[in-house]
Amino acid sequence: MNDLTGFQRDLLFVCAGQDHPSGQEIKVHIEEYLGGEVNNGRLYPNLDILVDAGLVEKGTLDQRTNYYELTETGRRAIRQRWAWERRQHNRASDASNDTTVGSSAD
């Protein structure tokens with residue numbers, strides 16, 4: 001997951017929060033999050049990168065529509081990312097608490 005772009009990580013999280021979303025459903029959710037339009041020329045190549053990396057599986061809903069689903073590797077990558085983010089948050093919280101404790105007036 002470390003070599004993914006922020007956009008690719010966002011797509012991974014969108015796929016994790018949906019049940020077999022189509023590309024267009026992913027597009028709606030990512031546009032809501034980003035607050036703007038995402039063109040198909042950006043969306044689908046990035047989804048393909050996630051598929052090629054083994055983080056997302058691509059399947060067929062019908063002749064025109066594909067779905068995307070997190071693989072076990074993708075779920076593990078998200079869990080590892082969350083654990084790393086929690087450690088970073090805890091370090092930042094510990095550091096701010098250390099400076100707050102030492103700066104009180106006596």
| Sum of -39500 (n - 2.57) over DSSP H runs of 4+, divided by residues of the chain (222 nm, nearest 500) | -21000 deg cm²/dmol
| note | 1/(1 + (r/R0)^6) with r = Cβ-Cβ of Asp52 and Glu32, R0 = 30 Å, i.e. FRET efficiency to nearest 0.05, evaluates to 0.70
| query | When Lys and Arg each count +1 and Asp and Glu each count -1, what net charge do the other residues less than 12 Å away from Leu43, Cβ to Cβ, add up to? | reply | -3
| task | First compute the accessible area of the chain with a 1.4 Å probe, then give the percent of it belonging to carbon and sulfur atoms. | result | 46
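Just round it to a whole percent: the fraction of Cα-Cα distances in the chain exceeding 18 Å. Each step should come with its number before you reach the end.
On the way: 3057 of 5565 pairs.
So the pairs more than 18 Å apart make up 55 percent of the total in the chain.
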| Hey, rough spin-label estimate for Gln24 and Phe7, points 7 angstrom out along Cα→Cβ, what's it come to in nanometres? | 2.1
| query | Considering only Leu11, Leu61, Ala95, whose Cα is most displaced toward the positive end of the charge dipole of the chain, charges sitting on Cβ of Lys, Arg (+1) and Asp, Glu (-1)? | reply | Ala95
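For the chain, with only Lys/Arg (+1) and Asp/Glu (-1) charged at the beta-carbon, what is the dipole magnitude about the Cα centre, in debye rounded to 20?
Numbers: 12 positive and 17 negative charges, 46 e Å.
Rounded to the nearest 20 debye, it is 220 debye.
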| Among residues other than Leu70 whose Cβ falls under 13 Å from its Cβ, what is the net charge (Lys/Arg +1, Asp/Glu -1)? | +2
| Simple spin-label estimate for Gln63 and Asp94 in nanometres, 7 Å along Cα-Cβ | 6.0
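The values are calculated or read from the model by the stated rules, or taken from the named source; none is laboratory data. Predicted model, so just to flag it, every value in this text is computed and none were measured. Ideal geometry is used to build each Cβ from the backbone, glycine not excepted, and the neighbour counts take in all protein chains shown. SASA here: full protein model, heavy atoms, side chains in, ligands and nucleic acids out. Shrake-Rupley method; radii C 1.70, N 1.55, O 1.52, S 1.80 Å.
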